[in-house]
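Participant: This is the structure, below, for whatever I ask next.
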Amino acid sequence: MPVPAAVERVRESAGTDATIAHAPGSVELLGETCAATGGMLLATALPVSAAVALEPNDTGELTVISTREETSLPMPDAVPAGYPAEVTAIAAAVVAMQHTMHLIPRTGSGLTVRWASTIPAGRGLGEIAALQSAVALASNARWGDRDDVPTRARLAAALHETAVAHYGDHWPLHPYTAALRSRPDSVLTCNHADEAVTQNQRPDNLALMVAYSPDITGASPQVERHEFFADACSAFGVPTLHGLPEAQPRVLEWVRARREVHPDGDAPTVGRATKWLDDASGCSDRARAVSAHLRHGDTAAAMAGIAHDVAVRDTVPSPDSPLGRLVASLDGRDAVARCCPARGAAVVVWAHADDADDVEAAIRRDGGTVLRVTDTDAGTALNSRF
């Protein structure tokens, strides 16, 4: 496979002793993004990536270098605040690899991390998770003793744990799973109930693409909804609601009790909580069904499942928005568009492979940018020389 463009960028300035790694962006295809529900989620890696070149230095500092700027800070024991997003992300990955995975030596020496990315930012395409996963892969290649599925699962868990502590419970696990564990051109089915990951080869007659308008980025995720599910799990002492018998009535009774005791508190209304629970359960069930259709190579049934989810959850962007106008260009075509998690940022378009060129051309005619989901795989570590 060709060397990713992000790798070429960091290799240009990296030393001969640097360890280089890259990891792909990712996108949610369907399902429940909040792990606390214990539901199912479909995701895939993308053919764009973040890359890092990692090498020790003798300054005792973490130095982060991009094509635009250089930032130095003390080697972190916790995720630092007040730095650009990418610097914070790299520092968080260093904390996870040094203090949780014990890969980066705690010898008092520093670390230089050069980075580059071809992942469109601010569109829900896993750019932060990919950058952190690249740091993890480079650290493991340099100081670890193996690279296998259990190791990559531990890397993903360590990165996610550190990220949640910094960003909040809404921060998802699946972008790390996709970045570190994707098989070539596959769709991952993530089961939040038991953390199992199964992978189906994307059918040859299915085309997936990400489309977005260049002049707009997306909104923040539904943090309040994620916090509600996390609070419910904490209240009942379960890791996910999947492990709670008769979860829905018990959670709703808990919501009623909270509102009776604290009418002006932060608990959602019973109606809103019911909608969240119903939405999570239905979306998870549809993800399970679409996963089975993909496993059997039934593209038509998979696309029908996506269309049903779009209709039920109303995940079509507003028709007068830049993204909505791109979706409108698909009218009359056998294709289905679904919003990415950061609403308003991008859509995932499902189409038959025979129609993919026409679908892409229609989106581009209306000013959209299209990223075909092909030639995808998990991240990997490389030598600085080839």
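The values are calculated or read from the model by the stated rules, or taken from the named source; none is laboratory data. The shown structure was predicted, so the numbers you read here are calculated from the model rather than taken from an experiment. Virtual Cβ from ideal backbone geometry, glycine too; neighbours counted across all protein chains shown. Ligands, DNA and RNA are excluded from the accessible area calculation, which covers all protein heavy atoms including side chains. Shrake-Rupley method; radii C 1.70, N 1.55, O 1.52, S 1.80 Å.
Participant: Going by average Cβ neighbours within 10 Å, how do the peptides 306-312, 244-250 rank, with the highest at the top? List each step's numbers first, then the result.
Facilitator: Values: 306-312: 16.9, 244-250: 13.1.
Highest-to-lowest ranking by the protection proxy: 306-312, 244-250.
Participant: Further question on the same structure: What ranking, highest mean first, results for peptides 229-235, 256-262, 50-56, 179-185 when packing means the other Cβ atoms within 10 Å averaged over each residue? Could you put the intermediate results ahead of the total?
Facilitator: Numbers: 229-235: 19.1, 256-262: 12.3, 50-56: 27.0, 179-185: 21.7.
With the highest mean Cβ count within 10 Å placed first, the list reads 50-56, 179-185, 229-235, 256-262.
Participant: Can you give me the P(r) profile for the chain? Cα pairs, bins 10 angstrom wide beginning at 0, each as a whole percent.
Facilitator: 5, 23, 31, 25, 13, 3, 0
Participant: How would you order 362-375, 159-172 from highest to lowest mean count of nearby Cβ atoms within 10 Å? The partial results should precede the final answer.
Facilitator: Values: 362-375: 17.1, 159-172: 19.3.
Ranking the peptides 362-375, 159-172 by packing returns 159-172, 362-375.
Participant: Give the accessible area for residue 127 in Å² (nearest 10); use a 1.4 Å probe, count only protein heavy atoms, and leave out ligands, DNA and RNA.
Facilitator: 50 Å²
Participant: Tell me the per residue accessible area of the chain using a 1.4 Å probe; a whole number in Å² is fine. Don't jump to the answer; show the numbers that get you there.
Facilitator: Numbers: 16660 Å² over 386 residues.
Using a 1.4 Å probe on heavy atoms only, each residue of the chain averages 43 Å².
Participant: Only four residue types carry charge here, +1 at the Cβ of Lys and Arg and -1 at the Cβ of Asp and Glu. Report the dipole size of segment 282-382 about the Cα centre in Debye, rounded to the nearest 20. Intermediate results must be reported in sequence, preceding the final value.
Facilitator: Values: 11 positive and 15 negative charges, 74 e Å.
It works out to roughly 360 debye.
Participant: If I take the Cα coordinates of segment 280-358 and project them onto the principal axes, what are the three extents in Å, biggest first?
Facilitator: The Cα atoms of segment 280-358 stretch 36, 33, 17 Å along the principal axes, largest first.
Participant: So, taking all protein chains as they sit and a 1.4 Å probe, how much accessible area belongs to residue 338, in Å² rounded to tens?
Facilitator: My reading of the accessible area for residue 338 is about 10 Å².
Participant: Then there's this: Please tell me the relative contact order of segment 114-216 in percent, rounded to the nearest whole number, where contacts are Cα pairs under 8 Å and at least six residues apart. List each step's numbers first, then the result.
Facilitator: Details: 72 pairs, mean separation 18.9, N = 103.
Contact order relative to length: 18 percent.
Participant: For the chain, what does the helix formula give at 222 nm: sum of -39500 (n - 2.57) over DSSP H segments with n ≥ 4, over the residue count, nearest 500 deg cm²/dmol? Could you put the intermediate results ahead of the total?
Facilitator: Working: 11 runs with 151 residues, N = 386.
Helix-only estimate at 222 nm: -12500 deg cm²/dmol.
Participant: In addition: Among 281, 265, 297, which residue has its Cα furthest toward the positive end of the charge dipole of segment 254-297, with +1 on Lys/Arg Cβ and -1 on Asp/Glu Cβ?
Facilitator: In segment 254-297, that residue is 297.
Participant: If the only charges are +1 at each Lys and Arg Cβ and -1 at each Asp and Glu Cβ, what is the size of the charge dipole of segment 5-68 around the Cα centre, to the nearest 20 debye? Display every interim value, and only then the final one.
Facilitator: Values: 3 positive and 8 negative charges, 43 e Å.
Charge dipole of segment 5-68: 200 debye, to the nearest 20.
Participant: I've got another one for you. Round to a whole number: what % of the accessible area of segment 165-209 belongs to carbon and sulfur, probe 1.4 Å? Can you show the working numbers first?
Facilitator: On the way: 800 of 1850 Å².
Here it works out to 43 percent.
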